[in-house]
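I have a structure I would like to understand better, so I am pasting it below and will then ask my questions one at a time.
Since every read-out is calculated from the coordinates, none of them should be taken as a lab result. Everything quoted here is computed from the prediction, not taken from an experiment. Reconstructed Cβ throughout: ideal geometry from the backbone, glycine too, with neighbour counts over all protein chains shown.
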Amino acid sequence: MEASGGVGGAFLKDVVAYVEVWSSKGTENYSRTFAKQLEDMGATVSKTLNKQVTHVIFKDGYQSTWDKAQKTGAKLVSVLWVEKCRMAGALVDESLFPAVNTDEHLPNLSRKKHKCMQPKDFILKTPENDKRLQKKFEKMAEELQRQKAALDDDVPVLLFESPRSLVYSSPVNVMKRRLQDMKEKRENLSPTCVKNGPGRPDPSDSSCTGLVRPQQKPKKSEKEEKPTRTLVMTSMPSEKQTLIIQVVSTLKGFSFAPEVCETTTHVLVGKSARTLNVLMGIARGCWILSYEWVLLSLELGHWISEEPFELSETFPAAPICRLERHLSTQQYQGTLFANQPKMFIAPASSPPRAKLCELVLLCGGQVSPAPQLASLIIGPYKGKKKARIQYLSEKWVLDSITQHKICDFNNYQLLQ
């Protein structure tokens with residue numbers, strides 16, 4: 001889903017931007033992150049909203065900023081526009097990513113106070129009672145539909161359940177049918193199964209920071225408690241990590257983990273590289289998501305539906321394992337390697353032996369403690385070779401997990 005064409009380019013050289021991006025409650029200012037991203041794309045970022053400004057990146061800012069931007073004719077865009085330009089490596093159509101101002105026509109007071117100082121009988125504009133605002137939200141919904149156009153027709157449609165939340169309706173029988181369709185498509189893949197990205201993950205994948213949030217119902221001692229689910233970032237540039245940490249701090253619901261573990265439900269991928277955390281996330285049935293999921297959640301003030309942002313094209317196994325985990329009535333256990341011979345993972349393997357063993361076991365395989373008891377040996381092996389044993393590279397395990405299909409042994413034979 002990510003393009004690399006925009007990296008290091010100056011394709012926004014004609015853009016003069018003013019950035020005003022806040023959390024819904026006005027307690028977190030996210031502007032600096034987006035200002036840096038715009039500068040990296042060649043834009044000029046202005047500290048003031050003047051006549052030279054061509055674009056205003058706006059979310060929950062001052063009403064005076066909104067009014068002035070409309071008066072000067074600057075284009076009011078959402079934070080998603082910035083990311084879309086970066087992915088496309090070009091200036092994209094601003095009309096697809098309009099900024100939304102839910103506080104329009106409020107008294108022009110301080111942004112951190114105007115919500116609590118509004119008259120009691122004031123009716124806040126929402127998509128349900130304001131046609132103009134409804135149109136803006138519909139544009140966002142249309143963009144989401146475009147993003148998931150490659151998915152099956154059975155994908156449940158987006159619904160507006162509350163003024164600031166987008167959710168899916170996903171009946172279990174629909175999910176089961178889609179899971180079956182996905183598995184059938186795996187059967188039609190080329191036997192080589194080598195279609196994606198780099199062959200080996202980056203073993204030094206450790207881009208995360210710890211964070212906790214209180215439960216909705218605090219203990220009597222009023223001590224904070226970690227959420228029961230964790231989120232992992234991988235291949236994520238530092239400025240995006242900072243923004244994600246801010247958004248999670250505001251929207252709550254996750255703590256961060258450095259590596260995928262049994263409590264991990266979401267893996268956020270900065271650059272679509274096949275890292276160990278991505279493979280572990282697939283094997284555990286986690287959501288494998290692009291950074292845009294965080295951006296639009298920030299825009300709407302709620303965690304939104306993940307499916308339009310799932311990296312299913314790059315990692316075909318991700319939605320299959322995720323649906324299997326969702327439909328599982330017990331602790332999720334993959335079955336990819338369930339019918340494969342017992343494997344011995346060579347000590348000199350890369351990724352490390354312990355991680356490869358964990359991946360094989362998570363996918364239902366059997367790992368032997370000694371090569372004499374195995375029919376498959378994975379990784380570099382210096383012992384005496386036997387005709388009855390298959391000697392395969394580690395890439396066979398990685399590619400099979402990525403595609404959710406047992407790849408052809410013949411394409412992964414190690415030289416005798």
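What does DSSP give for region 278-408 in terms of the percent of beta bridges that are antiparallel, rounded to the nearest 5?
On the way: 1 of 8 bridges.
Of the beta bridges lying entirely in region 278-408, close to 10 percent run antiparallel.
Can you divide the C-alpha Rg of region 343-412 by 2.2 N^0.38 Å and report the result to two decimal places?
For region 343-412, the normalised Cα radius of gyration is 1.01.
Which order results if Arg32, Arg388, Arg178 are arranged by neighbouring Cβ count within 10 Å, fewest first?
Details: Arg32 15, Arg388 5, Arg178 20.
Going from least to most buried by this count: Arg388, Arg32, Arg178.
How large is ³J(HN,Hα), in whole Hz, for each residue of region 235-250 in order, when computed from phi with the Karplus curve 6.51 cos²θ - 1.76 cosθ + 1.60 and θ = phi - 60°, using x for Gly and Pro?
6, 9, x, 4, 5, 6, 4, 4, 5, 4, 4, 4, 5, 5, 4, 7
Next up: Using alpha carbon centroids, what distance separates region 253-286 and region 88-102, in Å?
29 Å
Along the positive direction of the dipole of region 269-371 (beta-carbon charges: Lys, Arg +1; Asp, Glu -1; about the Cα centre), which of Ser350, Leu327, Val269 reaches farthest?
Ser350
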